[in-house]
Amino acid sequence: MRQRFLASLVLAILPVATHAQSPGPVTVVTADRLLDVRTGRYVEHPLVVVQGERIVSVGHVGDAVPAGAKRVDLPGMTLLPGLIDMHVHLDSDPTYGGYTNLQFGDRFWSVIQVANAQKTLTAGFTTVRNVGSQEWDDVGLRQAIEEHKVTGPRVVTATYAIGATGGHCDSTFFPPSMDQKSPYNVDSPEEGRKVVRTLKKYGAQLIKICATGGVFSHGDEPGAQQMTLEEMKAIADEAHMASMKVAAHAHGAPGIKDAIRAGIDTIEHASLIDDEGIRLAKQHGTWLSMDIYNTEYTQAEGRKNGVLEDNLRKDREIADVQRENFRKAFRAGVGMIFGTDAGVYPHGDNAKQFAVMVKYGMTPLQAIQAATVNAAQALASADVGTVDAGRYADLVAVPGDPTQDVRLLEHVTFVMKGGEVVKAPQ
């Protein structure tokens, strides 16, 4: 009876849900220049026509403008596609480190993610991958954003990160009497396959695994491998069969290499990657997402925020090694994407990583490409990453030339997401 009732209910609401939507209002955006992030060339005096949430055409000032179109003129500004951060945790707040987060109930984190999402969007990041959250927080946030109930970027949701019992993605800060553990630990290939199916069932669009130890866990070291090759391969195969990508938290060289061999799509952190790992990443076309800014915040503010000394130690020990390995991997031609681990440091400060990427070997354009065309390719998305007809009307603007001074992206003055202006010059 209950199943028949639910089926009837779905049929009753389906015509409403599938009712054809009108194309939407037309907006014309002009600026002094538009950066073609694929080539690094500027389009002078661009005119971008937007209808609804999509770009209709990209031309030049002086082209015919549709009758009744709303105008957004940005004199002195450079337009770029909306930025993409491939590694955030929107339901995390770095000011509560160590055990200090226990003063709050579970729903506290689902509430603060709303403000974090808005900060992220107004900082110019119109798309993010939320690479691990608790209590399905990211799914609820994505749905609320899609329904225009709250303001935020497009969120690709991983839900719970999958880890081994006692590993980085398990709950490791408590004694046995408290019986704290992740509900999605896996300790065999078969368990891995089932967890992928379960997470997808409840809203995962991406699978995140923890292949090695981590900085902010207890009782392990970042270099230690924690999942077997067979477990990682089973998870990757199951996810790919469901048309989902897989991201692997992996600091240590052995875990990085097995994750690549298993078919994982992106390696997060990659701090201790060795020459063989770099060769494998290049050979397999595996993207590296290396969060090389956030240690600045952790070392400056972590102790005050309650981060335990052991976690601060681990962060100190891998910081410079990770940055030099970023330089080495990039020079070797490995594909790099922009991922910050925002939540370890404040949301909205995502763009501070650009300058560090330039310091460790990239040109400003290459750093921008990591957060646009490269990220879109890693997402397998034809909707974001460039300013082209048919793509989402996700635009940011800054005064000056970001290919000369990438720090300009730390203070974007204009943000449009899906044709809607969410931040305008004052």
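What number of residues within the stretch 105-137 are assigned to a helix (DSSP H, G or I), farther than 30 Å from residue 399 by Cα and more than 16 Å from the chain's Cα centre (by Cα)?
6
Does the stretch 231-244 contain at least one residue that is over 19 Å from the mean Cα position of the chain (by Cα) and in contact (Cβ under 8 Å) with a residue 60 or more places away in the chain?
yes
Looking at (1) assigned to a loop (DSSP other than H, G, I, E, B); (2) without any contact (Cβ under 8 Å) to a residue 24 or more places away in the chain; (3) touching a Lys or Arg at 6+ places or on another chain (Cβ under 7 Å), which one does residue 292 not meet, given that it meets all the others?
(2)
Conditions (1) farther than 14 Å from residue 121 by Cα; (2) at pLDDT below 95; (3) β-branched (Val, Ile, Thr), marked per residue:
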{"position": "351", "(1), (2), (3)": "no, no, no"}
{"position": "376", "(1), (2), (3)": "yes, no, no"}
{"position": "381", "(1), (2), (3)": "yes, no, no"}
{"position": "384", "(1), (2), (3)": "yes, no, yes"}
{"position": "401", "(1), (2), (3)": "yes, no, no"}
{"position": "410", "(1), (2), (3)": "no, no, no"}
{"position": "415", "(1), (2), (3)": "no, no, yes"}
{"position": "422", "(1), (2), (3)": "no, no, yes"}
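Hey, among 262, 248, 234, which residue is more than 26 Å from residue 371 (Cα to Cα), surrounded by 19 or more Cβ atoms within 10 Å (Cβ to Cβ) and modelled with pLDDT of 95 or more?
It is 234.
Report, ordered by the first and then the second residue, all pairs with beta carbons closer than 8 Å, sequence separation of six or more or different chains, a first member in the stretch 96-122 that is over 11 Å from residue 347 (Cα atoms), and a second member that is of a type in the set (Lys, Arg).
As it stands, the answer is none, since no pair meets every condition given.
Would you kindly identify the strands (runs of 3 or more DSSP E) lying entirely within the stretch 1-80 that contain at least 3 residues that are modelled with pLDDT of 95 or more and among the β-branched types (Val, Ile, Thr)?
Those strands (runs of 3 or more DSSP E) span 26-35, 46-51, 54-60.
Any chance the stretch 296-304 includes a residue that's outside any strand (DSSP E or B), in contact with a Lys or Arg (Cβ under 6 Å, 6 or more places away or on another chain) and under 18 Å from residue 320 (Cα atoms)?
Looking for residues that are outside any strand (DSSP E or B), in contact with a Lys or Arg (Cβ under 6 Å, 6 or more places away or on another chain) and under 18 Å from residue 320 (Cα atoms), one finds none in the stretch 296-304, hence no.
Residue 150 passes all but one of (1) assigned to a helix (DSSP H, G or I); (2) among the aliphatic types (A, V, I, L, M); (3) without any contact (Cβ under 8 Å) to a residue 60 or more places away in the chain; which number fails?
Single failed check for residue 150: (1).
Here's the yes/no breakdown for (1) free of Cβ contacts under 8 Å to residues at least 40 places away in the same chain; (2) part of a loop (DSSP other than H, G, I, E, B); (3) buried (at least 22 other Cβ atoms within 10 Å of the Cβ):
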| residue | (1), (2), (3) |
| --- | --- |
| 378 | no, no, yes |
| 385 | no, yes, yes |
| 397 | no, no, yes |
| 401 | no, yes, no |
| 410 | no, no, no |
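Search the stretch 266-287 for residues being farther than 19 Å from residue 167 by Cβ and out of contact with any helix residue (DSSP H, G or I) (no Cβ under 7 Å at 6 or more places or on another chain), and hand back the single one that is surrounded by the most Cβ atoms within 10 Å (Cβ to Cβ).
Looking at residues that are farther than 19 Å from residue 167 by Cβ and out of contact with any helix residue (DSSP H, G or I) (no Cβ under 7 Å at 6 or more places or on another chain), I get 282.
Those residues that are surrounded by fewer than 24 Cβ atoms within 10 Å (Cβ to Cβ), touching a residue at least 12 places away in the same chain (Cβ under 8 Å) and among the hydrophobic types (A, V, I, L, M, F, W, C), I need them from the stretch 165-194; list them, please.
Hit for the stretch 165-194 is 173, nothing else.
If you scan the stretch 296-312, which residues turn out to be surrounded by fewer than 22 Cβ atoms within 10 Å (Cβ to Cβ) and of a type outside the set (Lys, Arg)?
Of everything in the stretch 296-312, those that are surrounded by fewer than 22 Cβ atoms within 10 Å (Cβ to Cβ) and of a type outside the set (Lys, Arg) turn out to be 296, 297, 299, 300, 301, 305, 306, 308, 309, 310, 311, 312.
Taking only the stretch 153-164 into account, find how many residues are assigned to a loop (DSSP other than H, G, I, E, B) and either more than 23 Å from the chain's Cα centre (by Cα) or touching a residue at least 60 places away in the same chain (Cβ under 8 Å) (or both).
So the answer is 4.
Pick out the one residue from 41, 129, 107 that is of a type in the set (Lys, Arg), within 22 Å of residue 376 (Cβ to Cβ) and open to solvent by 50 Å² or more (accessible area, probe 1.4 Å).
Exactly one residue qualifies, and that residue is 41.
With the condition kept exactly as written, say whether any residue in the stretch 88-104 is open to solvent by less than 50 Å² (accessible area, probe 1.4 Å) and assigned to a strand (DSSP E or B).
Yes: the stretch 88-104 contains one or more residues that are open to solvent by less than 50 Å² (accessible area, probe 1.4 Å) and assigned to a strand (DSSP E or B).
The values are calculated or read from the model by the stated rules, or taken from the named source; none is laboratory data. Just so it is clear, the structure is predicted and the values come from calculations on it, not from any experiment. Neighbour counts are summed over all protein chains in view; Cβ atoms, including those assigned to glycine, are modelled from backbone coordinates with ideal geometry. Side chains included, ligands, DNA and RNA excluded: accessible areas come from the protein's heavy atoms. Shrake-Rupley method; radii C 1.70, N 1.55, O 1.52, S 1.80 Å.
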